[in-house]
Amino acid sequence: KINWYLNNNLAEPVPQAEGDPPAAKLLFEPSGKPVDGSDFYCQDKVNECCCCSQTEDLVRKNVIPKEYRKHLPSEFKDRQSHDVVLLCVQCHCSSNIFDNIMRDELANQHGVSI
């Protein structure tokens, strides 16, 4: 990918120490940068379970389930990843158990069937 940016004059090479991977500096402001001043998307993120720190067999978990998200105002339905966390399979299974308990409680509170 880096070569495409360099070949299209969209980036300039950055000198690297021998053995380091190639790097480039973009010559434009990328779209999709956070507008709220948050540096969430600029932080390094570790690929590990957010509960137990396991680094293998990871699954993406939507904190707000899709069946609830569709009922939220549009500003909460954007495609940002603030409500996506990584869980190992074991923690994901545990999470699903608690999700089902919460779904049942919400359904009972609001008199709806699931």
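The values are calculated or read from the model by the stated rules, or taken from the named source; none is laboratory data. All of these numbers come straight from a predicted model, not from anything done at the bench. Note that we place each Cβ from the backbone using ideal geometry, even for glycine, and neighbour counts take in every protein chain shown.
You will find that of Gln80, Gln90, the residue that is within 23 Å of Asn47 (Cα to Cα), surrounded by 11 or more Cβ atoms within 10 Å (Cβ to Cβ), out of contact with any His (no Cβ under 8 Å at 6 or more places or on another chain) and at pLDDT below 90 is Gln80 and no other.
Contact map, segment 85-114: residues that are on the phi > 0 side of the Ramachandran plot paired with residues that are among the small types (Gly, Ala, Ser) and surrounded by 14 or more Cβ atoms within 10 Å (Cβ to Cβ), Cβ distance under 9 Å, separation 6+ or inter-chain. No pairs are found. Considering segment 23-48, and only residues there that are modelled with pLDDT of 90 or more and surrounded by 10 or more Cβ atoms within 10 Å (Cβ to Cβ), the residue that is farthest from the chain's Cα centre (by Cα) turns out to be Leu27.
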